[in-house]
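Below is a structure I'd like to ask you about.
Taken together, the values in this text are just the output of simple stated rules run on the coordinates, not laboratory data. It should be emphasised that the depicted structure is a prediction, and the values quoted were computed from it without experimental measurement. Positions of Cβ are generated from backbone atoms using ideal geometry, with glycine treated the same way; all protein chains shown enter the neighbour counts.
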Amino acid sequence: MRTPHISTHPGLTIFDTFDGFVANDGADEEEPWTPPNHRRGNRRRKRGRFAGLPLALKAVVGVCVLTAFLTLADRWALLYAEHRAANVLEHRLKLNAAPEVEIEGFPFLTQLADDRLDSVRVTVPDVAADRVTLAKVTATAHDVRLDDPDGPTSVRGAGIPRLDGDVLLSFDDLDRELGASQVRFSGRGHDRVLARGTFPVAGHDLRLRADARIGRDGEHGIATQIGGMRLDIGDLATYRPGVRASEGLHLTRRSAARLSHETRKAKALFSVPAVIRRLGVPDPVVRQALRSDDKLAQVTGSPRFVHRAMRLNLIDLALEHPALLKRLGFDPALLDALPRLTRPVLADRLSLGFRLPAPHHGALRVRDVRVEKDGIRMRIEGAGLAVG
């Protein structure tokens, strides 16, 4: 029997066995250890899972992705069309700011391909209307028919079978434009507007009070009927423009009652025969009053005299006896300016009326007018309109 022999020859190892020997020349040395890569296996498993999805589920995912892209494209086209329409309206109508345009209905591109839009809402701020500015104009066009559009920006015109909207005339704008920061407008009830403030006349700031009744002016505008107009000259007198007996320039109750304590003014009044006749005071009583201050105070302090003194139209007295009104404390320049401030002149200064523009095609009319907390709101409607 042979014993195994191990040779230690450099570069060669020989294992002698009973059956032969195995030689190793040293080339197959052990490789260094590295950690296992689990990610590669995960990727293979993920690919395997996705590849194993049913075909129907893959189709659903693809349709969802395509729908999302189509929706984004539709919304982009809608926003672009709204922005383009707003710029065109601002330019053509010469507006101070671009209006807000909202095209309703989904999808937009399908409506555009059908040459039809469900509805278009346009909101325009600060629209000039005669002497006033409309704070807000809102109109919604329904079932709009487009004129052969080739895309969102190529619409040349449109037909509007039906339109509705409203117009707001705010009290803030009325205060600024008609009141010139001196008169304030406010609502009372559903059809009345009150004007309160100061009104400059011949260098005097007179207190103004006026009531306006708002209503439709036919089918195309609104009108105001100004009533209850009065200008207070302090607590001395009140001026109401007009020709009736209750109108004109009249002493207030307080100033008429003060004549009993202001002897000089009372004697100046009693020294004019025309005034005495209008007051209805007998001549003997007048002569006694002019000789005795006590008798004068007794006459001027009676309720009957106060009432009759308040009925005197001082405008007439100013024309006949200008010196008398000056003694009573009136400025001659004011007395000269008041008769020119007639009812039509004052009403025109406070008029709130305006009319809708006449469309080239179709009809546009006022449906209703109401006074609200923030202003006057007018409902409008139209039919058979065309633009472009």
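Could you tell me the largest-minus-smallest coordinate of the C-alpha atoms of region 312-376 on each of the three principal axes, in descending order and whole angstroms?
64, 30, 19
In nm, to one decimal, how far is the modelled label at GLU247 from the one at LYS94, with both set 7 Å along Cα→Cβ?
Distance between label points: 3.8 nm.
How much net charge surrounds ASP336 when only the other residues with a Cβ under 15 Å from the Cβ of ASP336 are counted, with Lys and Arg +1 and Asp and Glu -1?
With Lys, Arg at +1 and Asp, Glu at -1, the net is -1.
What does a probe at ALA363 reach in region 201-230, counting residues whose amide N is under 11 Å from the point 7 Å along Cα→Cβ?
The answer is 219, whose backbone nitrogens lie closer than 11 Å to the label point.
So how far apart, in nm, are the two label points at ARG291 and ASP336 if each is 7 Å from Cα heading toward Cβ?
Between ARG291 and ASP336, the simple spin-label model gives 4.1 nm.
How high is the FRET efficiency from ALA129 to LEU319, r the C-beta distance, R0 51 Å, rounded to 0.05?
That gives a FRET efficiency of 0.80.
Now, a different point. Per Stokes-Einstein, at 4 °C and 1.567 mPa s, what whole-number D in µm² s⁻¹ belongs to region 242-340, with the Kirkwood radius over Cα pairs as the hydrodynamic radius?
The calculation lands on 95 µm²/s.
Tally Lys and Arg at +1 and Asp and Glu at -1 over the other residues with C-beta under 15 Å from the C-beta of THR263: what net charge comes out?
+4
Explain nothing, just compute: Karplus ³J(HN,Hα) = 6.51 cos²θ - 1.76 cosθ + 1.60, θ = phi - 60°, for every residue of region 202-214 in order, whole Hz, x for Gly and Pro.
Using θ = phi - 60°, the values come out as 6, x, 10, 8, 8, 6, 9, 9, 8, 10, 10, 9, 9 Hz.
Put a dot 7 Å past each Cα toward the Cβ at LEU55 and ARG145; how far apart are the dots in nm?
Placing both labels 7 Å beyond Cα along the Cβ direction yields 4.8 nm.
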